[in-house]
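Written below as C-alpha cells is the structure these notes are about.
Derivation of every value follows stated rules applied to the coordinates shown; laboratory data play no part. Note that the structure is predicted; figures quoted are calculated from it, not measured. Cβ: placed from backbone, ideal geometry, glycine included. Neighbour counts: every protein chain shown.
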Amino acid sequence: MKRSKVPDYRDKQVFGVPPIINVQMSGQPLPQGIQQAMRYLRSQCLEKVDIFPKSGVKSRIQTLRKLNENPPDHVSYQGQSVYEVADLLKQYFRDLPEPVLTTKLTDTFLQIYQCVPKDMRLQAAQAAVILLPDENREVLQTLLYFLSDIASAEENQMTAGNLAVCLAPSILHLNVSKKEGTSPRLIHRKGAGGKPDHKDLSENMAASQGLSHMIVECKKLFQFPHGMMLQSRNSYVAADAQPLPLYGLGLNMKGNPVDYRAYLEDNIQAVLREAIAKSKGWHSAPSPENTELTYKKE
C-alpha cells in the first residue's frame, strides 16, 4: 500500500494550519490571534456598518497576517480597521487545508439544505454536527456564536442572511480561488475556469441558507436531541441497556474467569511486555533519569 504523505506544518503558526494541529501545539483548536480578532470585532460591531462586505486594504491585511504568524500568541488589534480584521478572519477560514465542516461532511451539510424539508433541517444538521471531529465542532461552535452576536447588533446592518452570503464561500470552500483552481473542494472539478454551472449555483444557495440557519439556531445546533440518544445503538439511555461494570469484565487473557483486578493487571502486563520487547510498533523516547518512556502510534 502506498503511504500518504503527511503535510509538514512546522513553518506555519496560524494560516493554513488545521484545528487538530493547533490542539497539539497549544491545546486549543483556534489560534489566540484569531480568537482575539473575534473579540475585537464583537467590541466594534455596534459602531461600524457592513463589517464583512467591505474589503480592507491588502497591504494592511498582509501586515496583520505577519503579526499573527510571529510570537507572542497574544495579538492586539487595538486601533486597527475593523474591515481589515474582518478580512483577516475570512482569509483564515479560506486558507484552512479543508473546510471547518471537513471535506467529507461539507457535501452532507449542503444536501441537508438542498433536499431535507425545512421542518427537519435542524435535526438533520444536529446529527451531522455529531459526526464532526471534536476540534472542528468546537471551531464551528465558536464561529457560529460569534456570528450570532454580530447579527444580533442591529446597528451594523448585518443580519444572519447577510453574514452567510459574505462568509459561506470562505467557510465552506465553495468558489474560493476558483480561477487559480486552488480551492480544496474544486481541485477535482473540471472546467474550473468557466462560468458557474447549475450545481455551483445550487450549492452556493444551499451554503448561504445553511450557514444562515446555523447562525440563527446555533444555541440548539450543538444540543444532542433526547430522541436521538434513545435511537443510538451505543446509548446507555435505552431502557434495558446498562454499561458493563468492572466486575463484569470476567475473563483474563487466557480466557479463565477472574475478577476485574486480575483482568486489568493482565492487560497492563501485556502492554509492558510489548513495550519492553519493542514489538508491534512501540518506540523509545527520551525520558527523565531512572524512567523509561515508550510510545506507540495508533
Taking the simple approach of a point 7 Å from Cα along Cα-to-Cβ for both GLN157 and MET120, what is their distance in nm? 4.0
Would you mind pulling out the separation of the Cα centroids of region 106-152 and region 12-72, in Å? 22
